[in-house]
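Each remark here refers to the structure printed beneath this line.
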Amino acid sequence: MFKEQKMTITPTGDALRTALDGPFHEIKQRWRDEITADDVVRDPTLSLEEARDWTLDRVIRVARRQFVTAGFPAAQGGRGSVAESVANFEMLAMGDLSLTIKSGVQHGLFGGAITNLGTQWHHETFLPGAIDVSLPGCFAMTELGHGSDVQSVETTITYLPDSDEFEVDSPTPQATKAYIGNAARDGRMAVVFGQLFVDGEHHGVHAILVPIRSHDGSPLDGVTCGDHGHKGGLLGIDNGTIRFDHVRVPRQMLLDRYGGVDDEGTYHSPIASKNARFFTMLGTLVRGRICVGAGAAAAARKALTIAVDYGTRRRQFRAPGLGDEIPLLDYLTHQRRLLPAVATAYAYGFAVNELAMQLQRVQDAEGADPRAARELETRAAGIKAALTRFATDTIQACREACGGAGYMSGNGITLPRQDVDIFATFEGDNTVLLQLVAKALLLDYKSTWGDMDLRGAAQATAKLIGGAVMERTTARSLIDRLVATAKRTPEDRQLLARGWHVQMFEFRERHITEGLAQRMRAAGKLKGEAQWQAINACQTHMLEAARAHIDRVVLEAFIQGIDDCTDDYVTSLLVKVCDLYALSTIEANRAWYMEHEAFDPKRSKLITRAVDALCGELRTKAGPLAEGLGMPRHWLSTDAVPPLIEA
């Protein structure tokens, strides 16, 4: 089924891949050179238990070859930076999403919590086993009664001074930890989030390490684990439930970097506010949210590679008077179906690169720049929502673009299609995440999310300055020049002027956000039920503000990615790909633009014609563009993807 020798790609495809990999080209190329399909591609016909066995075996295999250990301290066996861990996650997602999430649970969540919330003792004691998977772990945050509202979890962590222990308890059925990866079968220890009580005083949500199974897999006293069984995807992940019945663990098991109990039994924390402490703790785990978005986008790139390749070789119908049937991708409708998505995949790839580097800068600052940390959290939330939505829609479109062949498991699309579905709601429900982005825009990143419920956000927007939301990304000086150039460009040539694209994206973001601020200010002046109704009516407006913000951020990342490219020919090709991303995004929102008189119906029609023309132009480079998405071709079924020959 798989051809394991390294498959050659075209020079243009290789150069595009290098550009899109950006600062992570070396680490991604190591995956392509050293990892085989047998390492990372799951047989879709495996049963539930077989899929779980395969996934556990493969996560151990790649971990012990140091392919997923970036972001951990070198002293405990880590290899690579936290930014590189995002690149590793992307590559793993091009193989199998169950394997990706298994590693994400083990290394990103369980190991990441120990790394970021624990101290040196925790690192030395538990990280080696977390890294090489000799200590399989769980991340027990979500409860049956509290999904997105983590701050209200019911699990309790109570200090017992007489024995110098903590007692972990699930006081109600709603406090049962649910949907937890590794909980049903493989996990031996869990990072458990609960409300901390010391000497009767409540100190907010903290995390503690709790053993849940013995070495042979039998549950420990006071721990009840359940199995969620068969799911709509990710069959390799043993999701389950965990309940605790007054389980005692030593005091040292509390992950106490941001708050703990000393030898005298006294609680201490470097952060006085419970809200600030809680969101500081969650902020250290932002990598997981970034990785989920990046992994979803990588799965979409895999599907696009398959669908574009299929479209170049599958022929249907003959042109009048001609004998040969026409390749699917020569039809404008098929180009429209796939090529704007390819352009968006490139845009999101550059955005993930920038976000990973931003993550590294914030981590290196070690809390010295709180505003930068809040900006990172906001961008991570928005990118995660955008990329997972894109992945779900795009993989479905790719399945349809392959017709009946796309429904065959051997084609390679059906498995990621079912597996990526859950990405829209784990690591944060997308609707909730977009609301968080909008709140941050309204408050100009001045507060943590914990300080701004909707009522507080409504009241705090009274002094919002509209220009504050328009702070540019790292490409600010370049974009300023592009905008200035566009303003001098004759109107008949503006459609392909990058500065005009930026102006349109900025206008949409500014107008929607300022309109939202006005509505929220008005709502903040009301009282009682009337205030709640007015704020509730703003929620869809909040989502649109967040989407407009993320669209603008992504465009700017694409612009920076093009500027960083050193190959003149590839740069010229990426310019056209960026044109397609920008204009297709404007086209998708053209009703809004015309409602707000940004342009008239005549220009709207010209935009559609420009998108059609770009699709036709990029059709001639569809093969190299698919290669540039970075999918290791030897991980794909030879039945699904033949070698490409560059025209």
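The values are calculated or read from the model by the stated rules, or taken from the named source; none is laboratory data. Because the structure is predicted, anything quoted here is derived from the model rather than measured. Cβ coordinates were reconstructed from backbone atoms using ideal geometry, including for glycine residues, and neighbour counts include every protein chain displayed. Just the protein is used for accessible areas: all its heavy atoms, side chains included, with ligands, DNA and RNA removed. Shrake-Rupley method; radii C 1.70, N 1.55, O 1.52, S 1.80 Å.
The table below gives the values:
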quantity: Computed log₁₀ I(q)/I(0) - Debye formula, equal Cα scatterers, no solvent, the stretch 307-458, q 0.09, 0.13, 0.19 Å⁻¹; calculated: -0.45, -0.75, -1.14
quantity: Potential lengthening between Thr119 and Asp14 on full extension [0.36 nm per residue; Cα-Cα distance subtracted]; calculated: 33.5 nm
quantity: Among 483-493, 388-398, the order from most to least packed when residues are scored by Cβ within 10 Å on average; calculated: 388-398, 483-493
quantity: Solvent exposure of the stretch 465-598 as accessible area per residue, Å², 1.4 Å probe; calculated: 46
quantity: Peptides 560-569, 198-207, 137-146, 265-274 ordered by average Cβ neighbours within 10 Å, highest first; calculated: 137-146, 198-207, 560-569, 265-274
quantity: Aspartates and glutamates with Cα under 17 Å of Lys487, excluding same-chain neighbours fewer than 8 positions away; calculated: Glu506
quantity: Inter-label distance for Asp564 and Gln533, nm, one decimal - labels placed 7 Å from Cα along Cα-to-Cβ; calculated: 5.1
quantity: Apportionment of accessible area to carbon and sulfur, the stretch 505-617, percent (1.4 Å); calculated: 51
quantity: Relative contact order for the chain, counting Cα pairs under 8 Å that sit 6 or more residues apart, in percent; calculated: 18
quantity: Cα gyration tensor shape for the chain, rounded if a/c is under 1.5, else prolate or oblate; calculated: oblate
quantity: Cα centroid separation, the stretch 560-617 to the stretch 60-136 (Å); calculated: 39
quantity: Accessible surface, the stretch 159-235, averaged per residue in Å² (probe 1.4 Å); calculated: 40
quantity: In degrees, nearest ten, helix 286-313 long axis to first principal axis of the chain (Cα); calculated: 30
quantity: Net length gained if the chain between His268 and His202 were fully extended (0.36 nm per residue, minus Cα distance); calculated: 22.5 nm
quantity: Listed peptides 623-631, 574-582 by packing density, highest first (mean Cβ within 10 Å); calculated: 623-631, 574-582
quantity: Area of Asp324 that stays accessible when all protein chains are in place (1.4 Å probe, Å², to 10); calculated: 120
quantity: Accessible-area composition of the stretch 135-205, carbon plus sulfur, in percent [1.4 Å probe]; calculated: 49
quantity: Restraint check, Lys177/Lys231; Lys274/Lys384; Lys384/Lys576; Lys102/Lys177; Lys384/Lys621, Cα-Cα greater than 21 Å; calculated: Lys274/Lys384; Lys384/Lys576; Lys384/Lys621
quantity: Note, ³J(HN,Hα) from phi for the stretch 223-234, Karplus 6.51, -1.76, 1.60, rounded to Hz, x at Gly and Pro; calculated: 10, 10, 10, x, 10, 6, x, 6, 10, x, x, 6
quantity: Extension reserve of the Leu496-Ala75 stretch, reckoned as 0.36 nm per residue once the Cα distance is removed; calculated: 146.4 nm
quantity: Asp612 versus His25: modelled label distance in nm, points set 7 Å from Cα along the beta carbon direction; calculated: 3.8
quantity: Acute angle (nearest 10 degrees) that the helix 82-93 long axis makes with the longest principal axis of the chain, alpha-carbon atoms; calculated: 70
quantity: Size of charge dipole - the stretch 294-435 - debye, nearest 20, with Cβ of Lys, Arg +1 and Asp, Glu -1, no other charges; calculated: 480
quantity: Helical contribution to [θ] at 222 nm, DSSP H n ≥ 4, -39,500 (n - 2.57), averaged over the chain, rounded to 500; calculated: -17000 deg cm²/dmol
quantity: Dipole moment magnitude, nearest 20 debye, the chain about Cα centre, only Lys, Arg, Asp, Glu C-beta charged; calculated: 2160
